[in-house]
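First up is the structure itself, then whatever we jot down about it.
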Amino acid sequence: MSKSIKDMGWDELVQGAALFSFEGEVDYEMSQVQPEDRDYAETNSRNAYVGDWRVEKPVFNKDFCIDCQFCWIYCPDTSIIARDKKMIGVDMDHCKGCGICVEVCPTNPKSLLMFNENTDNEEALTQWPEKSEEKGE
Amino acid sequence: MSGNKVIKNLKSFSTAAERFEGSHVLCPGCAHSIIVREILNATNDNLVVSASTGCLEVCTAIYPHTSWDCSWIHIGFENSSTAVAGAEAMNKALRKKGRIGSDVPEPKFVAFGGDGATFDIGFQWLSGCFERGHDMMYVCLDNEVYANTGGQRSSATPIGASATTSPAGSTSYGEKQNKKDIIQIMAAHGSPYVAQVAPNKWKDMIKKIHRGFDTKGPVYINAMSACTTEWKFAPHETIEVSDLATDSLVFPLYEIIDGTELNITYRPKNIVPVRDYLGAQPRFKHLFKPEYEYLIKEWQERVDAYWEYLQRREEARV
């Protein structure tokens, strides 16, 4: 598609309202190629933004992370970025701030915590709690 | 590379390339997308997917965006099963005629439906697919309510739940009918593999999905999907509520092979009282009034009896 779908008139849209996830022909195996190496089409929701849904955001502190990947498997919004068995960070364009990742984090103190959306990440890291004596739930 | 992904642990699973993209508009904390991600990421095969009308369909394909990195068919409320069955039959016919070469790898066919689309509206279509024996997998995302249209009761809604068409109030305790036992119904169709899964038990789920993909013939998967909006708990509690559901045995995890061989795949170390499961969801909060205490007792008895029944069937192999 050369023209952006947002600029098209109703009679220029693809018949059957087909939406394409990728540009051109996909000649690689989808299950083997990580998202950064894929050629996403404008109509893929990866190019959309839901970051403004958040009231609170998860902040990742890599000092305590044990790369268990609980956050990765339980994230409903495909927002936890894991590469080479390591947790790298949170995709803030797609995170809706549900807080599941914080809830399932098993470390003490947690390696992910919710902070107000307007809090600076650096500042949030300075407010990180100490290791608590109480055993987690 | 085709076939199932080899998944030894969560770390090796996390190297999977995502096939379901973010920025769909499901509620924050929705279990639907957790289940869909776990299923799509478990296989290396190409996929042909369809979804019945419901939260999953409308939220993952809001024009002009799609969240699916595989072939996906947008279809009516009742016929996701038949749409995929048709695609499967077409694939078979075209291969026979040689119009799809044998070098093209076989895709897998998956249909998703909500509990409304599975238990009520699409049941006739689903039943037909299973009778004809298409090589497909049908996944029911069971959140026990018509969540997409505003929380009307479906035949999956359990006794005592407050839904918008069966509200709890001064004269009623909410839903009066018990939930349809869809898994036994699908097993009675002669399906080679029927199972119940939950997103919080991901390893059990992946094992069942792999087995389902390896099975020739129609496979039915009932996936427990905790609904933050209609079960009325906070978005971050999804996994916690799912844990309560599986540990209280309200959603026992088991599989039925060839309609007879029943295996219980998850036995909780500590069985949680059903009261805790009900208490975590404000849709049941009226049951904690003194006049409705007897309903909680009945719930517990019903769950215990069903667990007993499953164990007996597992032992007897019938």
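The values are calculated or read from the model by the stated rules, or taken from the named source; none is laboratory data. None of the values given here were measured: they were computed from a predicted structure. When we count neighbours, we look across all protein chains shown, and the Cβ atoms used for this are built from the backbone with ideal geometry, even at glycine. Protein only, heavy atoms only, side chains kept; ligands, DNA and RNA dropped before computing areas. Shrake-Rupley method; radii C 1.70, N 1.55, O 1.52, S 1.80 Å.
I'd like to know if region A:87-103 contains one or more residues that are without any contact (Cβ under 8 Å) to a residue 40 or more places away in the chain and assigned to a loop (DSSP other than H, G, I, E, B). Yes, some residue in region A:87-103 is without any contact (Cβ under 8 Å) to a residue 40 or more places away in the chain and assigned to a loop (DSSP other than H, G, I, E, B).
Residue-level check: of (1) touching a residue at least 12 places away in the same chain (Cβ under 8 Å); (2) within 8 Å of chain A (Cβ to nearest Cβ); (3) open to solvent by 10 Å² or more (accessible area, probe 1.4 Å); (4) more than 16 Å from A:ASN44 (Cα to Cα), B:ALA61 misses just (4).
Sort out which residues of region A:53-78 are within 11 Å of another protein chain (Cβ to nearest Cβ) and not in a loop (DSSP other than H, G, I, E, B), and write them in order of number.
Taking region A:53-78 and keeping what is within 11 Å of another protein chain (Cβ to nearest Cβ), we get A:53-56, A:58, A:66-78.
If the condition is that a residue be within 11 Å of another protein chain (Cβ to nearest Cβ) and not in a loop (DSSP other than H, G, I, E, B), then A:TRP53, A:GLU56, A:PRO58, A:PHE70, A:CYS71, A:TRP72, A:ILE73, A:TYR74 are the ones that fit.
Within region B:281-318, take every residue that is under 20 Å from B:ILE239 (Cα atoms) and surrounded by fewer than 18 Cβ atoms within 10 Å (Cβ to Cβ) and give me the one that is nearest to the chain's Cα centre (by Cα). If we take residues in region B:281-318 being under 20 Å from B:ILE239 (Cα atoms) and surrounded by fewer than 18 Cβ atoms within 10 Å (Cβ to Cβ), then B:PRO282 is nearest to the chain's Cα centre (by Cα). Residue count for region B:179-201, restricted to those that are in a loop (DSSP other than H, G, I, E, B) and over 23 Å from B:PHE77 (Cα atoms): 6. All conditions in (1) part of a helix (DSSP H, G or I); (2) more than 9 Å from chain A (Cβ to nearest Cβ); (3) not charged (D, E, K, R) hold for B:SER102, with the sole exception of (1).
When residues in region B:24-47 are screened for being open to solvent by 10 Å² or more (accessible area, probe 1.4 Å) and among the polar types (S, T, N, Q), 2 of them pass. Only a single item in (1) touching a Pro at 6+ places or on another chain (Cβ under 7 Å); (2) at the interface with chain B (Cβ under 10 Å from one of its Cβ atoms); (3) buried (at least 18 other Cβ atoms within 10 Å of the Cβ) is not met by A:ASP91, and it is number (1). Checking each residue in region B:124-152 for being in a strand (DSSP E or B) and open to solvent by less than 10 Å² (accessible area, probe 1.4 Å) picks out B:MET137, B:TYR138, B:VAL139, B:CYS140, B:LEU141, B:ASP142. Restricting region A:101-125 to residues that are within 12 Å of chain B (Cβ to nearest Cβ) and either at positive phi or β-branched (Val, Ile, Thr) (or both), which is surrounded by the most Cβ atoms within 10 Å (Cβ to Cβ)? Per the criteria, the residue is A:VAL104.
Quick one: which of B:GLU106, B:GLU88 is farther than 20 Å from B:CYS27 by Cα, of a type in the set (Asp, Glu), surrounded by fewer than 22 Cβ atoms within 10 Å (Cβ to Cβ) and at pLDDT below 95?
That would be B:GLU106, the only listed residue that is farther than 20 Å from B:CYS27 by Cα, of a type in the set (Asp, Glu), surrounded by fewer than 22 Cβ atoms within 10 Å (Cβ to Cβ) and at pLDDT below 95.
Select from region A:13-28 the residues that are over 28 Å from the mean Cα position of the chain (by Cα) and either closer than 17 Å to B:ASN46 by Cα or surrounded by 10 or more Cβ atoms within 10 Å (Cβ to Cβ) (or both) and list them in ascending order. If the condition is that a residue be over 28 Å from the mean Cα position of the chain (by Cα) and either closer than 17 Å to B:ASN46 by Cα or surrounded by 10 or more Cβ atoms within 10 Å (Cβ to Cβ) (or both), then A:LEU13, A:VAL14 are the ones that fit.
Can we say B:PRO235 is in contact with a Cys (Cβ under 6 Å, 6 or more places away or on another chain) and open to solvent by less than 60 Å² (accessible area, probe 1.4 Å)?
On the way: in contact with a Cys (Cβ under 6 Å, 6 or more places away or on another chain): yes; open to solvent by less than 60 Å² (accessible area, probe 1.4 Å): yes.
Criteria met by B:PRO235.
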